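Below is one structure, written out as structure tokens, with a few remarks after it.
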Amino acid sequence: MTQFEQAVPGEVVDTAVGDIDAAREVGGRLFYPQELTSLDRAPVVSMSVRAGRIGPFVLGELSYSSTVRIDCGDLSTSYHVNVPLSGRIATSHRGQEAVATPDCAAVYGPVGRTVLSRWEAGARQLCVKIDKRALESTLAERIGRELTRPVRLAPTLDLRSGAGRSWSGLARMVSEGLHTPGQPPSPAPRGGAAAREPARRAAVRGPARVQRQPRRCHSELRVSRRAGGGRLPP
């Protein structure tokens, strides 16, 4: 068992917790140690979560009853993609700000402070954690040379484009499979494990494939900077 697998529970989690301390503990156990604070005056912060691990991934659908801020610091051992299923999340990584929406995911590397400065109350997000060694070894094999430093990814991933839409669809399929009895948690074409391997590799390297973002994702970055203070633009 790898260090990554030891750090993340193998079972599927489908639960709700009713206070901010429990939400902080569950989020830290599934994903990263974090500073979780409420931006509302609500006395109770509850979190609902459906999550599980499969291979080099941890996939979880999360939402909070109150608007929150989450500071994860450096992710260190993982790359990560946040795909909002509803609502919007103001976020920053390595000092570069973005607003993640159902059309535009936020992407993070292992180096540099990661802050979700404003996760709207009720916004539901698919969080995809990818083991650093798995992504880098898959890319190294593809390009035919070893990587000497972490991959510097574009800060956003356009989910309306061919590659972005395909990758997010695959991530959602895997996530749903984790929680659907009798359904395989990953695409299962004919040929068994050998036939599934290309799909697994595509999922691992997906965030690194789309480096050029269309204007709308760039405009989200500019609007987020003008909004300031973690406020979301109208």
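The values are calculated or read from the model by the stated rules, or taken from the named source; none is laboratory data. These numbers come from a predicted model, not from an experiment. Cβ sites come from the backbone with ideal geometry, for glycine too, and all protein chains shown count toward neighbours.
For Thr101, state whether it is surrounded by 18 or more Cβ atoms within 10 Å (Cβ to Cβ), touching a Pro at 6+ places or on another chain (Cβ under 9 Å) and hydroxyl-bearing (Ser, Thr, Tyr).
Considered against the rule, which asks whether it is surrounded by 18 or more Cβ atoms within 10 Å (Cβ to Cβ), touching a Pro at 6+ places or on another chain (Cβ under 9 Å) and hydroxyl-bearing (Ser, Thr, Tyr), Thr101 comes out as yes.
Being more than 16 Å from Val83 (Cα to Cα) and touching a helix residue (DSSP H, G or I) at 6+ places or on another chain (Cβ under 8 Å) is the filter here; which residues of the range 112-131 pass it?
Listed by number, the list holds a single entry, Asp131.
Tell me the residue from Thr138, Thr156 that is at pLDDT below 85, buried (at least 16 other Cβ atoms within 10 Å of the Cβ) and touching a helix residue (DSSP H, G or I) at 6+ places or on another chain (Cβ under 9 Å), please.
It is Thr138.
Go through the range 14-68 and report how many residues are without any contact (Cβ under 8 Å) to a residue 40 or more places away in the chain and among the hydroxyl-bearing types (Ser, Thr, Tyr).
5
Being among the polar types (S, T, N, Q) and more than 19 Å from Ser168 (Cα to Cα) narrows it down to one residue among Thr114, Thr101; which is it?
Criteria check complete, one pass: Thr114.
Which one is surrounded by the fewest Cβ atoms within 10 Å (Cβ to Cβ) among residues in the range 15-60 that are of a type in the set (Ser, Thr, Tyr) and more than 19 Å from Ala90 (Cβ to Cβ)?
It comes out as Thr15.
Just for the range 64-80: of the residues that are assigned to a strand (DSSP E or B) and among the hydrophobic types (A, V, I, L, M, F, W, C), which one is farthest from the chain's Cα centre (by Cα)?
Among them, the one singled out is Val68.
From the list Val83, Val44, Val49, Val26, pick out the single residue that is assigned to a helix (DSSP H, G or I) and of a type in the set (Val, Ile, Thr).
Val26
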